[in-house]
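For reference, the structure discussed in these notes is given below.
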Amino acid sequence: RQGRPDMISAQVSVPLRMQKSARQDPQLAEARADLAALEADHVTQRNTLGVEIARQVGVAEQSRTQLALYTIAILPQGRAGVDAALASYRAGRGDLTTVLTAQSALFASEITYARAMTDFAKAIAALEQIVGTDVLRQGES
């Protein structure tokens, strides 16, 4: 420089490419793949829940229909059959076997009714577990 004429000054410039996109592209693709997998899992779980809810509703409706049939027709008819057989036996027109057969049929109907009630209660409990809230309003059964 001024006092040293034998000194040389040089400047070197090297452009450095940051390549931000080259580093972020694989990460972005991975994040998108993870998101797609999570969305697919979500859809699968939602569909599985929908199927299970539909199945439990079907079981509950079938049990409810069976309960109504037993309450309205089968059990009253069975009780009337037992009463008729017993009255006939007391009047001397029927035998004890007829009374016992009618009573046995009534007991079988009552057992079937109890099973339908249990199936209905199980289906409602399973539905409540799936949806996380009560599915029957007060006063309904």
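The values are calculated or read from the model by the stated rules, or taken from the named source; none is laboratory data. As the structure is a prediction and not an experimental result, all values here were calculated from the model. No Cβ is skipped: glycine too gets one built from the backbone with ideal geometry, and neighbour counts run over all protein chains shown. The area values use the complete protein model at the heavy-atom level, side chains included, leaving out ligands, DNA and RNA. Shrake-Rupley method; radii C 1.70, N 1.55, O 1.52, S 1.80 Å.
Sort the following peptides by mean Cβ neighbour count (other Cβ atoms within 10 Å, averaged over residues), highest first: 40-49, 83-92.
83-92, 40-49
Find how much the distance from A37 to R93 grows on full extension, using 0.36 nm per residue of separation minus their present alpha carbon separation; answer in nm with one decimal.
12.5 nm
Which whole-Hz couplings ³J(HN,Hα) result when phi for each residue of the range 56-64 is put into the Karplus expression 6.51 cos²θ - 1.76 cosθ + 1.60, θ = phi - 60°, listed in order with x for Gly and Pro?
For the range 56-64, the Karplus curve yields 5, 5, x, 4, 5, 5, 4, 5, 4 Hz.
Could you please state how large a percent of the accessible area of the range 37-115 is carbon and sulfur, counting protein chains only and using a 1.4 Å probe?
62
Looking at the calculated P(r) for the range 62-141, what percent of the C-alpha pair distances fall above 22 Å?
Roughly 43 percent, once rounded to a whole number.
Starting from the 7 Å offset along Cα-to-Cβ, what nm value, one decimal, do you get for the label separation of D25 and I72?
7.0
Find the relative contact order for the range 57-141 and round it to a whole percent, using C-alpha pairs within less than 8 Å whose residues are 6+ positions apart.
About 43 percent, as a whole number.
What FRET efficiency comes out for the pair A54/A114, r = Cβ-Cβ distance, R0 = 22 Å, nearest 0.05?
According to the calculation, E is roughly 0.25.
Counting only residues 5 or more places away or on other chains, whose amide H sits under 5 Å from the amide H of G94 once H atoms are built in the peptide plane?
It is Y89, by chain and number.
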